[in-house]
Structures are given as structure tokens and as C-alpha cells.
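Derivation of every value follows stated rules applied to the coordinates shown; laboratory data play no part. Since the model is a prediction, treat every value here as computed from it, not as a measurement. In this analysis, Cβ positions are derived from the backbone assuming ideal geometry, glycine residues included, and neighbour counts consider all displayed protein chains.
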Amino acid sequence: MSRRGDIGAMWWIYGLLAVLSLLWLVPVATVVMSALRPLGEIRDGWWNLAGATFTIDNFLGAWNEADLGSKTVNSFIITGFSVASTISIGALASYAFVRLRFRGRGLIYFLLISTMIVPVQIILIPLLPWFRTLGFAEGSWQPFLGMVLVHSAFGLGWAVFMMGSFMAAVPTELTEAGQIDGAGHFDIFRRIILPLALPGIVSFAIIDFVFVWNDLLLGLTLLDADHAPLTVGIANLQSAHLAQQDVISAGALLAILPPLALFVALNRYYVRGLFSGGVK
Amino acid sequence: MHEREAGWRSAYLFILPALLVFALFYLWPAVNTIISSFFTWSILAPWQAHDPDTWRFAGLGNYAAVLADGRFWNAALNTLIWLVVFPLLATFLSLLIALLVWEIGRGARFFRTVFVLPMTVSLTAAGVLWVLVFNPQFGVLSAALGAIGLDGAQLDAGPLQVRLSDWLSNPGSLALGPVTIEFVNLSAILPAVWALTGFGVISFTAGLTSISPELIEAATVEGASRYRIARDVVIPQLRGAMVIVAVVFVIYALRTFDVVWVTTQGGPGTDSEVVAVLLWRKALAFFDTPSAGQATAIAVLLSAVMVVGAYPYLRSLLRDRPE
């Protein structure tokens with residue numbers, strides 16, 4: 001949008017942007033190079049490219065020895081089921097808030113929306129004893145189920161806020177036409193509302209995926225080593241104070257790639273979803 | 001009347017699954033946090049509603065203990081540093097970047113992508129990346145400072161101590177009477193700025209596209225400089241976006257945990273321990289110490305501050321309620 005021909009100012013603007021983006025790219029370059037090169041080489045500075053060798057050993061080390069492979073699987077299990085569950089119960093609830101009248105509607109909506117502001121710490125500490133009471137503390141799949149339910153409860157506020165705003169945008173004429181044809185609420189929900197609100201659902205799915213995948217605090221608090229997600233594995237490697245920068249770098253890249261890939265593939269939906277979430 | 005009741009019944013069917021999950025895994029734990037903050041308990045011997053044997057009533061004891069604890073006020077100070085530095089820095093940088101990118105034509109997409117992509121990176125991973133950058137042996141920061149002869153440079157000006165090394169242990173401090181601001185907090189804040197600035201860039205960019213071109217054209221015709229236009233015409237139009245961006249950043253700063261946990265673990269000592277980290281340690285570092293009640297008291301205090309502070313934002317979210 002160069003409105004005037006003052007080339008000097010343009011130079012300054014591009015110069016400043018170049019410096020800033022360099023600052024932003026330095027950590028990325030650092031982690032990529034540290035993950036792809038042997039530790040011995042990066043000790044002299046990863047930017048030293050003379051005689052550089054590249055290897056996938058660090059990824060193998062992270063996946064096998066550091067046990068981040070199984071944690072990656074855990075992350076996919078937790079995130080996949082959490083997103084599916086939050087969308088299912090969230091979409092049903094959104095329909096009720098947008099199209100139906102019922103007692104307690106205002107109060108329930110208020111409580112759900114409050115969770116967007118109240119910090120997760122308000123539920124965190126009693127959850128562990130609560131998991132033991134409910135039998136989610138140990139077992140093969142029970143901890144996963146518990147975690148999925150906690151993420152679902154925590155994501156509901158956002159789910160109702162975002163998907164609700166998309167469902168509210170569906171013209172009432174369409175749903176009324178359905179009612180005249182004798183369709184029940186569930187038919188209207190499934191055949192009319194869901195297909196039309198699909199972009200909103202996809203937006204929410206991406207944001208929830210990124211949110212759940214990136215969670216550290218809940219995983220660290222509630223899950224044992226066999227069920228812990230990737231973020232917990234990386235945080236534990238990091239705090240171990242051992243000089244394992246190569247393996248940690250590879251692990252960090254493993255953790256970064258899935259949400260990044262999703263973002264790049266569905267960028268349009270992600271940004272639109274963020275805007276419906278308060279930035280209008 | 002009959003029809004209305006039928007409507008209610010199906011409404012409850014739609015809302016029931018959500019309500020059940022929410023009640024069991026949010027509402028009850030939240031209520032549990034509040035009630036158990038008035039009891040003495042540990043993770044291994046928790047306060048339990050159904051078992052009066054576990055009720056060791058402490059009254060306001062947990063709150064009194066927390067508020068009398070120097071470690072709590074240390075954590076509160078570090079959180080306050082977060083509250084001031086993080087939103088200011090992140091909002092300023094994202095506004096600057098959004099404006100700069102908006103000014104250029106060619107390359108706008110590239111630059112915007114560079115700043116927005118870190119938003120998808122977890123704060124855990126962002127912390128790992130920056131620990132590498134801060135590494136004293138092969139980190140970029142030390143190398144760059146070394147190249148201009150400033151690596152390890154020290155400034156000793158009475159209350160102000162600066163050391164351009166040891167970014168994660170002791171980069172210096174500023175003593176202000178009874179309180180000391182530890183600069184190691186900045187080392188934890190920086191990765192968060194790196195990761196979350198993209199949110200501000202997106203928000204401000206959206207705000208910028210909704211400014212009418214006529215407004216800017218008129219100012220240009222009057223001969224206003226690029227800088228004057230940005231300051232007097234464009235930025236006032238971004239007020240709404242600025243409020244939302246600042247509020248979101250403040251909310252993040254208040255409950256920050258991940259990035260501190262990964263970069264400094266709150267250390268050295270408790271120099272960068274924030275409230276969320278202290279809370280976690282009080283309850284979960286040792287399962288059998290009976291200070292979980294104090295941790296829930298801290299959680300209640302933290303949430304109260306958050307709800308009061310962000311209440312206008314909550315109101316604005318509720319205004320969008322579907323009718």
C-alpha cells in the first residue's frame with residue numbers, strides 16, 4: 001500500500017521488518033539446525049556450516065531413547081478424542097442456546113462463558129484426588145478418558161461461544177421451514193444447522209486442537225509417565241539439566257509440527273475462528 | 001403450554017451431555033477448590049465432601065498463611081512484572097509489526113506469516129527454543145554479543161546490576177527499596193512475546209483493513225507525513241482492537257505457567273517463580289505436604305483477581321449472547 005513515492009521511508013520500513021523477522025526466525029533456525037546436526041558440530045555454533053553433516057539420529061534418539069514416540073501417540077489420542085468430544089457435546093449445546101428456550105439458559109451460558117476468563121488453576125488441584133475417586137488415576141485407557149473429559153469441560157465455553165455464533169447466523173427462515181415440514185429438532189440440527197455451520201465447526205476444531213495439543217499444565221498434573229503427552233515429555237527432558245540439546249530440539253520439532261501443519265493447511269479457518277472469538 | 005414443555009424437554013436433551021461433563025469436570029472441581037481452601041489437606045489425604053473424617057477445618061488459616069508468606073509476595077511481584085512487561089511489549093510489537101506490514105505491498109504475506117506462525121507453537125516448545133538461544137556456549141545471543149565485544153559485559157550502578165550473560169540464572173536486577181526486580185523474569189517473558197505477538201498482529205491487521213481508505217487519502221492530500229497519519233488517523237481507529245489484545249495478553253500474563261516451568265523452573269531459587277508455579281509446587285511438588293489447602297487458597301485469590309480485572313471483557317463476551 002505504497003501511497004506516496006517517498007522511497008526513503010520505504011527503505012526504513014523494509015529494514016525494520018527485516019530486522020524484526022530475523023529476530024523471529026533465529027529461534028526457529030536454532031531448533032531446526034540443532035535437531036538436524038550432531039551435537040558435537042553445533043557446539044561451535046549451528047550457524048557454522050563448513051563441513052556440516054545432517055542426520056536424523058536426533059529424531060530417532062528422541063523417538064526411542066527419550067521415549068517421545070509413545071508420548072507423541074499419547075498426544076494424538078488425547079487431542080483427537082478431546083476435539084471430537086468437545087465438538088459433539090458443544091455443537092448440541094450450541095444449538096440449544098441458539099434455537100431453544102429453557103429454564104436456566106442464562107445461568108448456564110454465563111457459567112460456560114466465564115470459563116474463558118477464569119484460570120485453569122481454579123479446577124486443577126482437586127482434580128487429581130477426584131480422578132482417584134472416579135477411577136481415572138490408573139489403568140490403560142482410564143487416564144486418557146479422564147483427560148479427554150477434563151479437556152471437554154474446559155473447552156465447552158469456547159465451543160459454545162464460537163459454534164454458537166456461527167449457528168446463530170443461519171437464517172431462521174430455513175429452520176422454520178424445516179419445522180413446518182414436521183422435522184424434529186434433531187433433524188433440523190443434523191440436516192440444516194450442522195452443514196451450514198460447518199466452517200465454524202472446522203474453525204473451532206483447529207483452535208481446540210492447537211489448545212489441547214499444546215497443554216502442559218493439565219498433562220503434567222493429572223497423567224502418569226505412560227499417559228503423558230509430548231509437552232510433558234519435553235518439559236521433563238528440559239528440566240533434567242543434561243546436555244541433550246540435540247534430542248530436545250528434535251522433540252520440540254515433533255511437538256511443533258502437527259499444529260503447524262494443520263495451521264498451514266487450514267489457515268483460512270484458523271484466522272476466521274480467532275476473530276469470532278472476541279476479536280470482531 | 002404443552003408445546004412449550006415439549007420444547008424444554010428437547011432443549012434439555014441437547015444440553016444434557018454438555019451439562020453433565022461440565023458439572024463433573026469443571027463446576028464440581030471449582031466448587032471443591034473453593035470449599036477445600038478452608039481446610040487443611042494434602043493430595044494423598046485430600047478433603048473429601050462425602051467423608052467427614054477428612055474435614056480438618058482451618059477457617060481462614062490457609063489464606064492467612066499465604067498472605068503472611070514472603071514467598072507468596074515474591075511470586076506476586078514476579079507475576080506483577082509479567083503483568084506490566086508482557087502486555088506492554090507484546091501489544092507494542094504487534095501494533096508496530098501490523099502497521100509496518102500494512103504499509104508495504106510486496107512481501108506483506110511473507111512477513112505476516114513469519115510473525116503469526118509461532119502462535120501455533122506451544123509455550124513449552126517456545127521455551128525450549130529460547131533456552132537454546134540463551135545457551136552460553138553455542139547460543140546466538142552470546143555469539144552476537146561476543147561479536148561486538150559485549151558478551152559478559154557488566155554494569156554495576158548501585159541498585160541496578162546488569163550482566164549480559166547467564167540469561168537463565170543471573171542477568172542482573174534492579175533494587176527498588178524493599179523489592180528487587182530480577183531480570184531473569186525477562187528471559188521467561190521473551191519466549192512468550194515471541195509466541196503470542198502473532199495474535200496481536202492478526203487482530204490489528206483485521207482492524208486496519210476496516211479503516212476506510214478515504215480517511216487516509218484525505219490526510220495524505222492535506223500533506224500529513226506517514227508517521228503523523230499513523231499516529232493521528234490510524235492508531236485511534238484501532239482502539240477497540242487494542243483493548244481486546246491487551247486484555248487477552250493480561251489474562252495470559254496472570255496465569256502464566258508453561259514457559260516459566262520450561263525455561264527457569266522459577267529459579268534460580270525463587271527469583272522467577274510466578275504465582276501459578278508457586279501454587280503448583282504447594283500442592284503437587286510433594287504429595288504428602290499438607291499445604292494443598294494453601295494452594296487452593298492461592299487459586300481462589302488468583303481467580304478472584306482475574307474475574308474482577310477482566311469483568312468488563314466478560315461482559316462484552318456475554319453481550320454477544322445468541323438471542
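Looking at B:Ala126, B:Trp28, B:Leu67, which one has the Cα that reaches farthest to the positive end of the dipole of segment B:1-147 (charges on Cβ: Lys, Arg +1; Asp, Glu -1)?
Going by the Cα projections, it comes out as B:Ala126.
Summing +1 for each Lys or Arg and -1 for each Asp or Glu, what net charge is found among the other residues whose Cβ lies under 12 Å from the Cβ of A:Ser140?
Computed value for this residue: -3.
Cα centroid distance between segment A:159-193 and segment A:1-64, in Å?
Here the two parts' Cα centres lie 49 Å apart.
Report the calculated FRET efficiency for B:Asp53 and A:Phe76 (r = Cβ-Cβ distance, R0 = 45 Å), to the nearest 0.05. Each step should come with its number before you reach the end.
Working: r = 42 Å, r/R0 = 0.93.
Efficiency for this residue pair is about 0.60.
Of A:Trp46, B:Leu141, B:Tyr12, which is farthest towards the positive pole of the protein assembly as shown's charge dipole, taken about the Cα centre with +1 and -1 on the beta-carbons of Lys, Arg and Asp, Glu respectively?
B:Tyr12
How high is the FRET efficiency from A:Asp57 to B:Arg106, r the C-beta distance, R0 35 Å, rounded to 0.05?
0.30
If you average 1/r across every pair of different Cα atoms in segment B:131-255 and take the reciprocal, what Kirkwood value do you get, in Å?
Details: mean 1/r = 0.0551 Å⁻¹.
When all Cα pairs of segment B:131-255 are included, the Kirkwood radius is 18.1 Å.
Work out Dmax and Rg for segment A:116-187 from the C-alpha atoms and quote the Rg first, both in angstrom.
18.9, 51
For chain A, what is the calculated [θ] at 222 nm in deg cm²/dmol (nearest 500), taking -39500 (n - 2.57) for each run of four or more DSSP H residues and dividing by its residue count? Before the final figure, lay out the partial values.
On the way: 14 runs with 200 residues, N = 280.
Helix-only estimate at 222 nm: -23000 deg cm²/dmol.
Given bins 10 angstrom wide, list per bin the percent of all Cα-Cα distances in the protein assembly as shown, short to long.
Per 10 Å bin, starting at 0, the Cα pair percentages come out as 3, 15, 25, 26, 19, 9, 3, 0, 0.
Quote the charge dipole size of segment B:126-281 about the Cα centre in Debye, to the nearest 20; the model charges only the Cβ of Lys and Arg (+1) and of Asp and Glu (-1).
Dipole of segment B:126-281, to the nearest 20 debye: 180 debye.
Rounded to the nearest 500, what is the 222 nm mean residue ellipticity of chain B from helices alone, with -39500 (n - 2.57) per DSSP H run of 4+ residues and division by all residues?
-19500 deg cm²/dmol
Calculate, in nm to one decimal, what B:Arg319 and B:Ala143 gain on full extension: separation in residues at 0.36 nm each, minus their alpha carbon distance. Intermediate values should be presented prior to the final figure.
Values: separation 176, 0.36 × 176 = 63.36 nm, distance 5.16 nm.
My answer for the length gained is 58.2 nm.
When the dipole is taken about the Cα centre of the protein assembly as shown, and only Lys, Arg (+1) and Asp, Glu (-1) are charged at their Cβ, what size is it in debye, to the nearest 20?
Roughly 1380 debye, rounded to the nearest 20.
Normalised radius of gyration for segment A:145-243, please: alpha carbon Rg relative to 2.2 N^0.38 Å, two decimal places.
Computed over Cα atoms of segment A:145-243, the ratio equals 1.56.
Based on the inverse mean of 1/r over its pairs of different Cα atoms, what is the Kirkwood hydrodynamic radius of segment A:61-276, in Å?
For segment A:61-276, inverting the mean 1/r across all distinct Cα pairs yields 18.9 Å.
Roughly speaking, what % of Cα-Cα pairs in chain B are separated by over 24 Å, rounded to a whole number?
Numbers: 34841 of 52003 pairs.
The calculated P(r) of chain B puts 67 percent of pairs beyond 24 Å.
Across segment B:159-214, how large is the tail of the calculated P(r) beyond 16 Å, expressed as a percent of all Cα pairs?
Numbers: 941 of 1540 pairs.
Within segment B:159-214, distances greater than 16 Å cover 61 percent of Cα pairs.
Using the basic label-point model (7 angstrom from Cα toward the beta carbon), what is the A:Trp12 to A:Ser239 distance in nanometres?
4.7
In Å, what Rg and Dmax follow from the Cα atoms of segment A:7-55?
In order Rg, Dmax, the Cα atoms of segment A:7-55 give 15.2, 46 Å.
Using the Cα atoms of segment A:1-122 to build a convex hull, what is its mean projected area in square nanometres?
16.2
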